[in-house]
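Student: Sending over a structure as structure tokens; questions will come in a sec.
The values are calculated or read from the model by the stated rules, or taken from the named source; none is laboratory data. Since this is a predicted model, take the numbers as computed values, not measurements. Every residue, glycine among them, receives a Cβ derived from its backbone with ideal geometry; neighbour counts consider all protein chains shown. For the accessible areas, the whole protein counts, side chains as well, though only heavy atoms, and no ligand, DNA or RNA atoms are used. Shrake-Rupley method; radii C 1.70, N 1.55, O 1.52, S 1.80 Å.
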Amino acid sequence: MGNTEMIRSALVMALGMGLAACGGGGGGGGDSTTTAVASSSAATSSAASSTASSTSSSAASSSTSSAASSSASSITSLGATGWATVGTNNLGVTGTTGGNAATSAKTYTVTNRNEFIQALYANAATINTDGSYSGTLDSSSKIIYVSGTIDLSMDKSLTALGESGYFTYGNASSSLNCSQYGGYASATAMWTAYYAAYKPSVWGTAALQIGSNTTVSGTPENARACYAAQQKKVVYINIPSNTSIIGVGSTAKIIHGNLVLGSSSSAPVDNIVVRNITFEDSFDYFPQWDPTDSTTGRWNSAYDNVSVMYATHVWLDHNTFTDGTNVDANYPSVWNETYAGTDYASSANGVLYHVQHHDGLSDVTKNANYVTLSYNYYHDHDKSLLFGGTDTASTSAENPNALKVSVHHNYFKNLRQRQPRVRYGMVHIYNNYFEGDLSASVNYQWSVGWYSGQASKLYVENNVIQLNNGSPTAATVYGGSSSTSKSSSCATTMGTGYDSSYCSAYSYYSGNLLNGSALSVQDLSSANITTTSTPWYASGVTSGTPGATPSSYYSYTPDDASVVASSVPAAAGAGKL
């Protein structure tokens with residue numbers, strides 16, 4: 001193992017020890033103790049700020065168990081639809097019920113980050129000075145009502161953390177000791193060294209490699225990874241089984257962080273409901289440049305607003321997901337050069353090479369299953385919904401038995417791509433309203449709607465797409481590609497009883513409208529996507545020709561496409577229940 005690999009391994013081990021299963025912990029010093037009285041004071045800040053600001057006078061360490069206000073309690077954990085109704089959850093109940101069985105002692109109202117964390121850990125979490133935390137997640141039934149705005153990017157004192165705050169805490173951390181990597185005087189000095197070391201003409205790209213360079217390595221990258229690990233200890237919030245998170249009224253928000261449902265295969269979760277919350281600006285202060293991404297390189301960030309990974313029976317309903325005002329255009333390319341024929345500084349290429357601080361909105365990956373996304377408002381973002389994060393099948397992660405997702409009555413506006421992008425799963429997309437702009441002058445120019453990836457099985461019906469400032473066609477709305485060789489490899493990985501057909505891609509389209517006219521059906525056979533009216537497999541069938549549809553698994557009645565453009569925007573998003 002080389003020096004760089006050893007350093008990265010040490011970082012991973014240090015972070016893993018702090019985040020193991022329960023999420024967070026380690027470093028920062030100054031453990032908190034739980035108290036009986038919770039404070040409602042909280043600090044908020046813009047994630048774009050590089051300095052910590054806005055401190056509260058008191059930092060609550062425990063959440064309150066109380067009768068929620070009538071506006072909150074009128075929103076229940078019940079009513080899931082689609083795939084979230086299928087199968088039996090860990091409580092022995094059909095479908096997804098979240099914390100519906102919670103006692104009054106496990107019914108919380110939270111107003112800040114500390115209270116929120118304590119509610120997840122039965123008021124027994126240890127919150128450290130730097131905001132990292134540890135404890136044992138509470139898997140008993142619980143309902144957490146969110147009142148007001150909860151900023152997840154905060155330390156124990158509820159001081160908002162920005163780039164400089166994570167830099168300071170990363171240097172002070174006994175487990176990370178980030179100052180050992182270069183000894184940079186500030187985050188600005190680290191980034192100056194990073195940009196100089198990895199600019200395309202110095203480091204190279206997949207399109208034109210320099211020496212043996214591939215992914216970035218060396219002191220500046222080790223420093224970036226270390227400070228990124230410090231941020232992750234704070235903003236990465238694991239959600240346990242049998243939990244309902246419900247917003248109070250129309251103003252409940254969770255900002256600057258990443259809710260994680262099932263962070264590892266060794267700690268899967270089940271039965272989670274999230275309703276009536278606005279999620280905004282899950283901002284990565286330490287994104288990584290990957291010169292091998294898309295051959296000419298891209299910036300990649302680490303955080304979604306909500307990540308559904310090793311989780312089953314999940315219902316995300318009537319939420320809003322957005323970058324807010326902290327849009328990608330605020331962070332233009334730092335590569336002021338042309339290299340190997342690519343102009344990294346041009347405004348025309350800005351959408352490709354800007355520094356990306358946001359990842360997904362509510363991605364569903366790994367071994368997630370029985371998930372429904374309904375009546376959500378997704379807006380002003382680039383990479384919106386990723387279902388399946390890799391083409392390579394695994395029995396413990398992405399595979400054709402997992403990633404069953406229903407996506408219905410959602411409002412997609414001003415999004416660039418992944419609406420959704422699907423691998424492997426049997427995914428039902430119906431009665432959604434998509435509104436986009438083809439003009440290059442907007443913050444999030446439409447690129448593509450849904451995309452059929454490796455072994456995906458899409459059933460798409462009665463959606464409405466309105467695209468302005470251009471002449472869109474079916475190819476503007478959706479596309480796809482699946483590899484036959486990867487289908488064969490998938491069948492081998494899955495084992496006896498599975499064949500390459502089960503690991504192949506299928507799709508069905510019906511009743512969809514594009515700018516008021518019937519959306520034509522593309523022939524994607526050249527991309528190994530087979531069009532059929534029965535693109536799903538019946539329960540227990542893992543070979544041969546698919547012969548099932550959504551109604552084979554659950555009851556639903558799609559609305560006529562003619563009403564979608566008016567009814568969905570009126571009903572979707574937080575504050576609409």
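Student: Looking at (1) surrounded by fewer than 24 Cβ atoms within 10 Å (Cβ to Cβ); (2) in a loop (DSSP other than H, G, I, E, B), which is the only condition A402 fails?
Tutor: Only one criterion in (1) surrounded by fewer than 24 Cβ atoms within 10 Å (Cβ to Cβ); (2) in a loop (DSSP other than H, G, I, E, B) is unmet by A402, namely (1).
Student: At negative phi and surrounded by fewer than 19 Cβ atoms within 10 Å (Cβ to Cβ): does that describe S489?
Tutor: Yes; evaluated as a whole, the condition is true for this residue.
Student: Continuing with the same structure: Looking only at region 314-329, count every residue that is open to solvent by less than 10 Å² (accessible area, probe 1.4 Å) and assigned to a strand (DSSP E or B) and tell me the total.
Tutor: Looking only at that region, the number is 6.
Student: Filter region 243-291 down to residues that are of a type in the set (G, A, S) and under 22 Å from N114 (Cβ atoms) and give me whichever is farthest from the chain's Cα centre (by Cα).
Tutor: Of everything passing the filter in region 243-291, G249 is farthest from the chain's Cα centre (by Cα).
Student: May I pose another question? Can you pull out the residues in region 528-577 that are assigned to a loop (DSSP other than H, G, I, E, B) and of a type in the set (F, W, Y)?
Tutor: Scanning region 528-577 gives Y537, Y553, Y554, Y556.
Student: For region 281-294, give me each residue that is surrounded by fewer than 23 Cβ atoms within 10 Å (Cβ to Cβ) and either of a type in the set (S, T, N, Q) or assigned to a strand (DSSP E or B) (or both).
Tutor: Result: Q288, D290, T292, S294.
Student: Listed residues S153, S175; which is within 30 Å of F116 (Cα to Cα), of a type in the set (G, A, S), open to solvent by less than 40 Å² (accessible area, probe 1.4 Å) and touching a residue at least 24 places away in the same chain (Cβ under 8 Å)?
Tutor: Selected residue: S153, the only one of S153, S175 that is within 30 Å of F116 (Cα to Cα), of a type in the set (G, A, S), open to solvent by less than 40 Å² (accessible area, probe 1.4 Å) and touching a residue at least 24 places away in the same chain (Cβ under 8 Å).
Student: What residue, of G511, G516, is out of contact with any Pro (no Cβ under 8 Å at 6 or more places or on another chain) and either without any contact (Cβ under 8 Å) to a residue 60 or more places away in the chain or among the β-branched types (V, I, T) (or both)?
Tutor: G516
Student: On to the next question. Report yes if A84 is touching a strand residue (DSSP E or B) at 6+ places or on another chain (Cβ under 7 Å), outside any loop (DSSP other than H, G, I, E, B) and at pLDDT below 95, otherwise no.
Tutor: no
Student: Can you spot a residue in region 200-211 that is touching a residue at least 12 places away in the same chain (Cβ under 8 Å) and either closer than 22 Å to Y303 by Cβ or of a type in the set (D, E, K, R) (or both)?
Tutor: Scanning region 200-211 turns up no residue that is touching a residue at least 12 places away in the same chain (Cβ under 8 Å) and either closer than 22 Å to Y303 by Cβ or of a type in the set (D, E, K, R) (or both).
Student: For region 138-176, which residues satisfy the criterion of being among the polar types (S, T, N, Q) and in contact with a His (Cβ under 6 Å, 6 or more places away or on another chain)?
Tutor: Hit for region 138-176 is S153, nothing else.
Student: In the list S134, S77, which residue meets the criterion of being under 30 Å from H428 (Cα atoms), among the hydroxyl-bearing types (S, T, Y) and in contact with a Gly (Cβ under 7 Å, 6 or more places away or on another chain)?
Tutor: Only one candidate qualifies: S77.
Student: Give me the residue from region 383-399 that is open to solvent by 10 Å² or more (accessible area, probe 1.4 Å) and among the charged types (D, E, K, R) and, out of that set, farthest from S264 (Cα to Cα).
Tutor: Going through the qualifying residues, I end up with K383.
Student: Being in contact (Cβ under 8 Å) with a residue 24 or more places away in the chain, among the hydrophobic types (A, V, I, L, M, F, W, C) and open to solvent by less than 40 Å² (accessible area, probe 1.4 Å) narrows it down to one residue among A348, A368, A340; which is it?
Tutor: A368
Student: Counting only residues that are out of contact with any helix residue (DSSP H, G or I) (no Cβ under 7 Å at 6 or more places or on another chain) and either assigned to a loop (DSSP other than H, G, I, E, B) or basic (K, R) (or both), which one in region 449-462 is nearest to P535 (Cα to Cα)?
Tutor: Per the stated criteria, the residue is K457.
Student: Next question. Considering Y451, Y378, Y424, which residue is open to solvent by 10 Å² or more (accessible area, probe 1.4 Å) and among the aromatic types (F, W, Y)?
Tutor: From the options Y451, Y378, Y424, the qualifying one is Y451.
Student: Is it the case that region 231-241 has a residue that's among the basic types (K, R) and open to solvent by 10 Å² or more (accessible area, probe 1.4 Å)?
Tutor: Among the residues of region 231-241, at least one is among the basic types (K, R) and open to solvent by 10 Å² or more (accessible area, probe 1.4 Å), which makes the answer yes.
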